[in-house]
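Mind looking over this structure? Questions follow.
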Amino acid sequence: MTKKHLPEVIDVLAEAFQVWNIQRRGKDAVKRYRAPEYIIPYMELDPNGCLVAIDKRKVVGAIFAHVWGKFGWIGTFGVHPDYQNKGVGKELMVGAIKYLDVEKNVTKLSLETMTSSATNIGLFSKLGFKPAFQTMSLKKQIDFTSKKQIELNKLLEKDSIEIQYFSEEPQQEDALTRCRWLSSKTENGLDYTSKIVVTEKYNQGETILLKKDGFIIAFANCRLVSNRQGEKDNPTLMVKILVIDKDEKNKQVLDVLLLCCEDFGQKHGKTELRLSVNSSYWLVYEYLLNYGFHIRSSLLRMIKFSEDIKSYDHDNEWIVNCSSLTM
């Protein structure tokens with residue numbers, strides 16, 4: 001894929017996802033086109049992992065492969081409806097898997113797909129992906145009142161926690177090293193720092209850091225801008241990544257981070273907070289529901305190169321690793 005392919009890629013993805021769009025939003029749902037300025041950073045990060053399928057000089061399919069440390073991710077992926085069920089999707093998937101496996105040597109490879117899409121699940125299963133768990137998309141209204149500000153101040157004072165925005169962090173390289181370490185503690189080899197760098201470089205939002213005794217113990221990567229064309233008044237603050245030190249057992253640290261996200265969102269005119277959490281992280285998933293989040297939708301997480309899917313059952317562990325990795 002090159003930048004000259006972008007207009008056609010955007011059209012193909014809009015056509016490919018229209019059926020799902022109608023299922024979610026009704027028969028009158030308009031096609032949703034991805035913004036080119038949101039796709040370009042991913043092409044710059046992993047140029048060899050962004051592939052197109054071309055028939056007679058026309059783009060008919062596209063796929064994006066990403067790398068987070070030793071973790072590989074496939075998404076977004078779409079084929080024009082006129083070319084579906086003709087092997088185009090399989091060829092794109094094979095190319096993306098080859099890039100992540102051979103060129104990047106990832107230790108785990110994941111993707112998410114609609115739970116209602118038997119065709120997609122069948123294709124991915126034949127390519128060696130195992131259904132692992134549901135990824136739950138959650139949302140809540142932002143209402144950062146003066147009462148919540150008082151609550152946040154008390155929690156910060158009680159636990160000696162400092163709030164720092166990455167954009168204002170004087171030692172950004174040290175902060176990235178610490179965030180990389182926290183990510184890897186949650187899942188060995190996982191590294192979210194490329195997302196933090198992209199967010200800062202392309203002014204997509206902010207990464208909120210929580211520090212205790214000078215050390216980062218948690219961070220939340222927040223996206224302010226919409227990834228869709230024509231959505232300038234997007235009301236949603238999307239928490240793309242939320243990680244808390246695996247050894248941090250104090251659940252109020254999560255309260256602090258969520259309150260910080262609400263505060264940040266409200267200051268930028270947002271009225272809704274969204275994040276995704278794996279259902280295997282049961283304690284955190286349950287905690288978020290009790291905090292006031294509601295289920296918006298769900299996707300099926302599928303994993304390749306996993307020795308044992310059961311190893312991802314974290315029912316009895318307090319692990320905070322909420323992520324929305326799709327584009």
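Put +1 on the Cβ of each Lys and Arg and -1 on the Cβ of each Asp and Glu in segment 137-323; which of Gln164, Thr236, Tyr202 then has its Cα farthest toward the positive end of the dipole?
So the residue furthest toward the plus end is Thr236.
Picking from Pro47, Pro170, Pro131, which is most flexible by a Gaussian network model of the chain using Cα springs under 10 Å?
Among Pro47, Pro170, Pro131, the largest GNM mean-square fluctuation belongs to Pro170.
Please state the charge dipole magnitude for the chain, taken about the Cα centre, from unit charges on C-beta atoms (+1 on K and R, -1 on D and E), reported in debye and rounded to the nearest 20.
Details: 46 positive and 42 negative charges, 224 e Å.
For this selection, approximately 1080 debye.
Assuming 0.36 nm per residue, please report the length gained on full extension of the stretch Thr145 to Asp213 beyond their Cα-Cα distance.
Numbers: separation 68, 0.36 × 68 = 24.48 nm, distance 2.81 nm.
Full-extension gain reported as 21.7 nm.
Then there's this: With a ≥ b ≥ c the root eigenvalues of the C-alpha gyration tensor of segment 1-155, is it rounded (a/c under 1.5), prolate (a/b larger than b/c) or oblate?
Details: a/c = 1.71, a/b = 1.46, b/c = 1.18.
Prolate, because a/c is 1.5 or more and a/b exceeds b/c.
Still on this structure, please answer the following. Using Cα pairs closer than 8 Å and at least 6 residues apart in sequence, work out the relative contact order for segment 3-106, in percent. Don't skip to the end; give the middle numbers.
Numbers: 146 pairs, mean separation 27.6, N = 104.
So the answer I get is 27 percent.
Now for a different question. Can you give me the C-alpha center-to-center distance between segment 20-93 and segment 112-151, rounded to a whole angstrom?
18
Now for a separate question. Between Leu156 and Lys126, what FRET efficiency follows from the Cβ-Cβ distance if R0 is 45 Å, with the result rounded to 0.05? Mind showing how you got there, number by number?
Details: r = 51 Å, r/R0 = 1.13.
Plugging the Cβ-Cβ distance into 1/(1 + (r/R0)^6) gives 0.35.
Convex hull volume of the Cα atoms in the chain, per residue, in Å³? Display every interim value, and only then the final one.
Working: hull volume 43.9 nm³, N = 327.
Measuring per residue, one finds 134 Å³ for the Cα hull of the chain.
Something else now. Compute the distance in nm between two label points, each set 7 Å from the Cα along the Cα-to-Cβ direction, one at Leu289 and one at Ile40.
Placing both labels 7 Å beyond Cα along the Cβ direction yields 4.3 nm.
Figure the gain on full extension for Ala29 and Thr115 (residue separation times 0.36 nm, minus the Cα-Cα span) and round it to one decimal in nm.
Details: separation 86, 0.36 × 86 = 30.96 nm, distance 2.01 nm.
Result for the pair: 29.0 nm of gain on full extension.
If exposed means no more than 15 neighbouring beta carbons inside 10 Å and the site is in a DSSP loop, what's the longest run of the chain without any exposed trypsin sites (Lys or Arg not before Pro)? List each step's numbers first, then the result.
Details: sites that count: Lys27, Lys31, Lys56, Arg57, Lys86, Lys232, Lys249, Lys251.
The answer is 87-231.
Taking every pair of alpha-carbon atoms in segment 137-323, what share in percent sits in each 10 Å bin, from 0 to the bin with the longest distance?
For segment 137-323, the binned pair fractions read 9, 37, 39, 14, 1 percent.
Sticking with this structure for a sec: Got a sec? Which residues in segment 269-289 would a label at Lys232 touch, if it sits 7 Å along Cα→Cβ and we count backbone N under 18 Å?
269-270
Residue-wise, which Karplus ³J(HN,Hα) couplings in Hz belong to segment 77-94, taking 6.51 cos²θ - 1.76 cosθ + 1.60, θ = phi - 60°, and x for glycine or proline?
9, x, 10, 4, x, 5, 10, 6, 6, 10, x, 5, x, 4, 5, 5, 4, 4
Also, I was wondering about something else. Taking the number of other C-beta atoms within 10 Å as the exposure measure, put Ile161, Ile319, Ile150 in order starting with the fewest. All intermediate terms of the calculation are to be shown ahead of the outcome.
Details: Ile161 21, Ile319 18, Ile150 10.
Final ranking by Cβ density, sparse to dense: Ile150, Ile319, Ile161.
To continue, here is another question. Which residue fluctuates the most in the chain, going by a Gaussian network model with Cα springs under 10 Å, if the choices are Gly72, Gly49, Gly292?
In the Gaussian network model the winner is Gly292.
At 0.36 nm per residue, and after removing the present C-alpha to C-alpha distance, how many nm does the segment from Lys86 to Thr107 gain when stretched out fully? If you can, show how the numbers build up before the last one.
Working: separation 21, 0.36 × 21 = 7.56 nm, distance 3.00 nm.
Extra length from Lys86 to Thr107 when fully extended: 4.6 nm.
Where in segment 273-294 does the label zone of Glu317 land, with the point 7 angstrom along Cα→C-beta and an amide N cut-off under 13 Å?
280-284
If I model segment 87-245 as equal point scatterers sitting on the Cα atoms and use the Debye formula, what is log10 I(q)/I(0) at q = 0.14 Å⁻¹?
-0.97
Quote the charge dipole size of segment 3-106 about the Cα centre in Debye, to the nearest 20; the model charges only the Cβ of Lys and Arg (+1) and of Asp and Glu (-1).
On the way: 16 positive and 12 negative charges, 43 e Å.
Magnitude of the dipole: close to 200 debye.
In debye, nearest 20: dipole of segment 137-323 around its Cα centre with unit charges on the Cβ of K, R (+) and D, E (-)? List each step's numbers first, then the result.
Details: 27 positive and 29 negative charges, 123 e Å.
With Lys and Arg at +1 and Asp and Glu at -1, about 580 debye.
Values quoted throughout were computed directly from the atomic coordinates according to the rules given, and no laboratory measurement underlies them. On a predicted model such as this, the values are computed, not experimentally measured, just so you know. Here Cβ is always computed from backbone atoms with ideal geometry, including for glycine, and neighbour counts include all displayed protein chains.
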